[in-house]
Every structure is written in C-alpha cells, then in structure tokens.
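Have a look at the structure below before the remarks.
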C-alpha cells in the first residue's frame, strides 16, 4: 500500500512538473472555484437557511460537498495563489521601469518571477530586456513580446477603446483562458455583465413586478425567492442580500473588461 501511494504521488508530481508553464493559471482557476464554492455554501446555510428548510433538502448534499471541496481547495491553494500574485506584482513593477541601470539591478529578481509565472510572462520580460539592449539568458526561452506596461491614461476609459480592446484586465488576471482574447467574447462579456447589473439595479430601485393595482412598483426579492418564501415581492425601492452580491460580482466583471494596457503598446 505504501509503495502504491508513493507511485501515485510520483505520478502527480511528474504531471505537475510537466505543467510548469501553467502553474499560475491552474492555481488561479482552482482558487476562483474554491472561493465560489465557499461563498455559495455561506449564502445557502446563512442567508437562505438551507440546513433547516425542507424545501431545499435536494440541494443539501451537493452544497455540503461543494463547501468541503471549497474549504480544502482554499486552505491549500489560496496561500500559493498569493505567492504567485506577489511574484506577478514584482514582475509588473520591473516591467514598468524605464531606467536601464535599475532594470539590470533587478534583472535576477524579474527573471525568477517570470520563470515562475510561465511563458507569457517570460516573453514579456525578455521583450523588456531586448528593448533596453540587455543580454538575455537562455532560461527565458526564445519568444519575445512587448512588455505591455500598465497605463493610467484617461483615454483608456473611452467607450471606443474599451469596446474594441480585448486585452482587458480580466484577460490579464486570468492567464491562459484563450476565449478572453477573442473580441466577440470580450464584447459579449461587457454586454452580459452590464445588462445583469442594470437589470438588478432597476429591479431594486424601481421594481419589475406588477402590484395588484397594475402598477410596476414592486421589487422581486431574490433572497426570499431563493429561500422558497411564499411572498417575495416588496415595495420598491428594496435591496436584498443576494441582489447586492450579484450586483457586486457582475460589477467587478464589468470593470475588469476595461483595457489593461494602452493600445499604443499592444502588438
């Protein structure tokens, strides 16, 4: 049994080593899924009283399972995620440098961070070194691209640049998800997230449900509806916990579709 366990651990270690260029992506996605499962478990048990409500008994086993996997995933992966996030911040700080002397001074630090984060980041760091005519080591591979420094220019916030630039914050924060680089998927994300946020805000402030008098002035309380309560209409304006969580979540998604870098620096 012991030898079999070591063999399995060896297989996993071998597979993990073969995915060295995707470690950051894998850890990022596992972190997102784990946190999402944890949040759903908290909403289900605390806000929706799922443990004591017989109408939700069919969701109870899956929610417990998700909460368990979410807790285990967050416990083991979240610290690693913050380590990678710290290395990424170090690399971004170096990529923003314009001083050749300072880049040379922090070259080893940037190279280690880029190698840890994977090929896309190695290519960006190599591009920075080539831009300042600094010798490049073999560890960074052969692929090179512009460093894509962050820009705080107000022109980035214009609707045209936002709509036509798929190199968004979301695409940068979730590396390896190719769909985010697609301009049509990028625009669909903007439309969907903005539509959901607008729909939820309108429902909370003005109301989407029609009252007995025929006037559309009642808010649909999503917390009460998901909780299985018989009455889930409230006189507008009315704000419930689930609606606020959804507005916050999709608001972050919408904000994250804005351009991460200036158009002048993109390839």
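The values are calculated or read from the model by the stated rules, or taken from the named source; none is laboratory data. Predicted model only: the values in this text are computed from it and were never measured. When we count neighbours, we look across all protein chains shown, and the Cβ atoms used for this are built from the backbone with ideal geometry, even at glycine.
Observations on the model:
- Helices (runs of 4 or more DSSP H) contained entirely in the range 132-220, each with at least 2 residues that are touching a helix residue (DSSP H, G or I) at 6+ places or on another chain (Cβ under 6 Å) and modelled with pLDDT of 80 or more: 183-205
- Filter pass, residue 190 being over 28 Å from residue 57 (Cα atoms), surrounded by fewer than 16 Cβ atoms within 10 Å (Cβ to Cβ) and in the same structural domain as residue 253 (by TED's automatic domain parsing): no
- Any hit, the range 28-36, residues being in contact (Cβ under 8 Å) with a residue 40 or more places away in the chain and closer than 19 Å to residue 115 by Cα: yes
- Residue within the range 20-27 that is modelled with pLDDT under 80, within 30 Å of residue 128 (Cα to Cα) and exposed (fewer than 15 other Cβ atoms within 10 Å of the Cβ) present: yes
- Residues that are touching a residue at least 40 places away in the same chain (Cβ under 8 Å), under 24 Å from residue 23 (Cα atoms) and either part of a helix (DSSP H, G or I) or in contact with a helix residue (DSSP H, G or I) (Cβ under 7 Å, 6 or more places away or on another chain) (or both) occur at least once in the range 102-116.
- Residues in the range 40-63 that are at pLDDT 80 or above and loosely packed, with under 15 Cβ neighbours inside 10 Å: 42, 61, 62.
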